[in-house]
1. Return the residue satisfying two criteria in turn: it lies in region 228-280 and is part of a loop (DSSP other than H, G, I, E, B) and among the small types (Gly, Ala, Ser), and of such residues it is surrounded by the most Cβ atoms within 10 Å (Cβ to Cβ).
2. Of everything in region 387-443 that's of a type in the set (Val, Ile, Thr) and surrounded by 13 or more Cβ atoms within 10 Å (Cβ to Cβ), which residue is farthest from the chain's Cα centre (by Cα)?
3. Report, by residue number, each residue of region 410-419 that is touching a residue at least 60 places away in the same chain (Cβ under 8 Å) and touching a Pro at 6+ places or on another chain (Cβ under 8 Å).
4. Pairs only if they're at least six apart or on different chains, beta carbon under 8 angstrom, first in region 106-132 and farther than 23 Å from residue 148 by Cα and in the same structural domain as residue 44 (by TED's automatic domain parsing), second part of a loop (DSSP other than H, G, I, E, B) and among the aromatic types (Phe, Trp, Tyr); list them, first residue then second.
5. Output the qualifying pairs, or none if there are none: Cβ atoms under 7 angstrom, residues six or more apart or on different chains, first residue in region 387-409 and farther than 11 Å from residue 334 by Cβ, second residue of a type in the set (Val, Ile, Thr) and not in a loop (DSSP other than H, G, I, E, B).
6. Hey, can you tell me all the residues within region 353-364 that are in a loop (DSSP other than H, G, I, E, B) and more than 16 Å from residue 150 (Cα to Cα)?
7. Kindly provide the set of residues from region 286-315 that are small (Gly, Ala, Ser) and either modelled with pLDDT under 95 or surrounded by 14 or more Cβ atoms within 10 Å (Cβ to Cβ) (or both), ordered by number.
Amino acid sequence: MYRLFFRHRAARNCYAAAVVLLLSVASASAQTKTLSTDSRFFVPKPSQGAVQQFKNLLQHGQFRDAALIGAMETVPQAVWLTGGTASQVSATVGTTLEEARLERAVPVMVLYNIPGRDCGSYSAGGAQDTATYEAWIDAVAEAIGSREVIVVLEPDSLANLPSDCGYDPSHVNIPQATADRFTQIQYAISKLEVGEKTLVYLDAGNSHWQAVPTITARLVQAGIQSAQGFFTNVSNFNLNNYETKYDTWVSDCLAFGTDGEQGGWRLGNYSYCASQYYSPLGTVNPDDISTWIYTDEWFEQNMGTTVPTTHFLIDTGRNGQGVLNASVYAASPYNQPASVTKTLSGGNWCNPPGRGLGVRPTANTGVALLDAFVWVKTPGESDGTCNAAGGARAWNYLDYSLPGWPTDLAGQAVFDPLWGLDDPIAGAWFSQQALDLAKRASPPLLR
């Protein structure tokens, strides 16, 4: 019996050691490429919407507002690749790389073409199937070649899997679609990371979405060990202290679950990790970072000698003022009921007013694993129509309404009461939001 136990235990330990070795080799290979702390990031040409708004403000004598929009457009921002044929995306990548070369800057490219993108919501679209997507990835990888690029690979693709979308199983094979998603991300990593200066980061949602153990397990299944790292807060508004803490925990959890210390009992057990929602050492509130000490304590007690090595990026394009506090709409003059404020809180990712531009892009972050603050989501572009019909808004018009607001149910269904207008579609220029973000920038755009 003792011999049998010993053999089984030895086999387990050998297996654990092999897993750790393979993961370590893959991770070391991916992270031999580094981003210099003095890197300059690429400033793309301003969108037509920004140019037109700038002209309109000048024509109406609103010179300071025009200067704010102009200053916003001089800040480095990501270039989004959202579809097109292989030849079309190849041409776009080539043009971007040439413009970046002339600026002597590192471009940030967002690949946003995964099949089933955005669960078919405001930003629906993407490649038709896996084969089409892989051909598109091939074209991107070939066009990048050996040039230096940061690739933000498919925002929301892992935090919002097909299994999270609420699809009707009679219309969508949910297990297959979810498995395909991991296959697609793995393929993209395998092709893009071949580039000697291509730094690929995977989706990890944000600090108010998936719990640390959940997103960590998904990152591993997607192939994080072969990528440079992960990114968070894309198109969102969480403050940097929340995101940095969350991202650090994810990196910790990755190290915890791939370490063979103590006989390998931790291997693959990412579910053991504490999170922004739970710690066995005390009550944790995802909205109150002062309570996150209990999760910090859990990692301090359980990491042993393991050192986290997985790097990350944070999108700071619109988080200068943090997230929308929907409770303000419960007070006068709005007087909205709890059911409305609850819906508004759930939709606070969707064109929330009163936000601001955040920290300017930089690779000099002062945090060892935080490779850069970057502006991924283009400030000024709409998140979508953000209305009651799409589920991001609710409003009791009997409690509060203004002259000119719709009085019929059909009009109210597509109206955004937080802005007092019908929001532009996803990706379209939202001039009111653009100027609001610029005015409330932290740090300020103009002195």
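The values are calculated or read from the model by the stated rules, or taken from the named source; none is laboratory data. What you see is a predicted model, and the numbers here were worked out from it, not measured in a lab. Methodologically, a virtual Cβ is constructed for each residue, glycine included, from the backbone with ideal geometry; neighbour enumeration extends over all protein chains shown.
1. Residues of region 228-280 part of a loop (DSSP other than H, G, I, E, B): 228, 233-239, 258-260, 265-269, 273-278, 280.
Keeping just the survivors that are among the small types (Gly, Ala, Ser) gives 235, 260, 268, 274-275.
On the way: 235: 19, 260: 20, 268: 13, 274: 26, 275: 23.
Result: 274.
2. Taking region 387-443 and keeping what is of a type in the set (Val, Ile, Thr), we get 407, 414, 425.
Subsequent filtering for residues that are surrounded by 13 or more Cβ atoms within 10 Å (Cβ to Cβ) retains 414, 425.
Values: 414: 26, 425: 20 Å.
Among them, the one singled out is 414.
3. Kept after step one, since they are touching a residue at least 60 places away in the same chain (Cβ under 8 Å), are these residues of region 410-419: 416, 418-419.
Answer for region 410-419, where residues must be touching a residue at least 60 places away in the same chain (Cβ under 8 Å) and touching a Pro at 6+ places or on another chain (Cβ under 8 Å): 418, 419.
4. As it stands, the answer is 119/167; 123/112; 126/112, since those pairs meet every condition given.
5. Partner pairs satisfying both residue conditions: 393/343; 394/340; 394/343.
6. Keep residues of region 353-364 that are in a loop (DSSP other than H, G, I, E, B), which gives 353-355, 357-361, 363-364.
If the condition is that a residue be in a loop (DSSP other than H, G, I, E, B) and more than 16 Å from residue 150 (Cα to Cα), then 353, 354, 355, 357, 358, 359, 360 are the ones that fit.
7. Start the filter on region 286-315 by keeping residues that are small (Gly, Ala, Ser), which leaves 290, 304.
Within region 286-315, just 304 meets the criteria.
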